């Protein structure tokens, strides 16, 4: 099989051990024509030095500030363009790849060009519970959510007879993107900072006639929270960005009537809890408010909660 040049983009933020484990798994790939780029998003530990020392053959970018998920991958994307890569593989640092993970993605790309290609994330030996949407008449079918585990048996083997599923989106932990699609239609939305960027990207491409393919033979072993810490402050930040950004996605692609009705439901819940003297998740409430007034970008960080 012809092997197009692939630029593999991995982000790191204060998780050098996980990132190094991910890179070690990449070294065992059967696919050989690739370059690894690691963007360190302003880690406060010795991540940058450790990664450079441990993997002198890879390209490590050091950010002075945390530019977020899209911002970090943009820097690797710029590098991919300078080396003439044909494909850009976005990978979470909290996963391990199998030997044929990239081979299966690239093989599918060569057979079915012009799409976005995703792997199936596994956790504890079984497909991870993630939500995907199907396509109906060229649009996102919001009434038809798909759980990826429904397409696999209890032993982890795929039930589908097809080698792939054509969907509205794939999971952002492992996403292979042709560079010509980026050149024509753009890349991830930096204003999200973190969470839901890949959903918005896939939905935006679908609006231009480009579907996403979940390649069932391409697997990654996934753990959550690779580039985030497990402390309470970070969980608060995560809840803010998840709520704000997904509301923005719904507003853009499901429409204002549904979006406003959902916002009304959320704010009613907040008010009822306040009246009853119950705890209110003020970070989710702030996410709702910022989505409503269009306040995007980096708004919360660990430092802002100190």
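Here region 151-186 is the region considered, the condition is being without any contact (Cβ under 8 Å) to a residue 40 or more places away in the chain and part of a loop (DSSP other than H, G, I, E, B), and the residue that is surrounded by the fewest Cβ atoms within 10 Å (Cβ to Cβ) is 161.
The residues of region 32-73 that are in contact with a strand residue (DSSP E or B) (Cβ under 7 Å, 6 or more places away or on another chain) and in a loop (DSSP other than H, G, I, E, B), listed by number, are 33, 41, 43, 58, 63. Kindly indicate whether residue 273 is out of contact with any helix residue (DSSP H, G or I) (no Cβ under 7 Å at 6 or more places or on another chain), within 19 Å of residue 245 (Cβ to Cβ) and at pLDDT below 95. So residue 273 does not fit the description; no.
In summary, residue 189 fulfils each of the numbered conditions (1) under 16 Å from the mean Cα position of the chain (by Cα); (2) buried (at least 21 other Cβ atoms within 10 Å of the Cβ); (3) more than 18 Å from residue 10 (Cβ to Cβ) with the single exception of condition (2). Inspection of region 115-125 finds a residue satisfying the criterion of being outside the structural domain of residue 251 (by TED's automatic domain parsing), under 30 Å from residue 16 (Cα atoms), free of Cβ contacts under 8 Å to residues at least 12 places away in the same chain and surrounded by fewer than 21 Cβ atoms within 10 Å (Cβ to Cβ). A count restricted to region 129-148 and to residues that are out of contact with any strand residue (DSSP E or B) (no Cβ under 8 Å at 6 or more places or on another chain) and assigned to a helix (DSSP H, G or I) stands at 0.
Residue check: is residue 80 outside any helix (DSSP H, G or I) and in contact with a strand residue (DSSP E or B) (Cβ under 7 Å, 6 or more places away or on another chain)?
Against the criterion (outside any helix (DSSP H, G or I) and in contact with a strand residue (DSSP E or B) (Cβ under 7 Å, 6 or more places away or on another chain)), residue 80 does not qualify.
The values are calculated or read from the model by the stated rules, or taken from the named source; none is laboratory data. These numbers were taken from a predicted model, which means no experiment stands behind them. For neighbour counting, all protein chains shown are included, and Cβ atoms are generated from backbone atoms with ideal geometry for every residue, glycine included.
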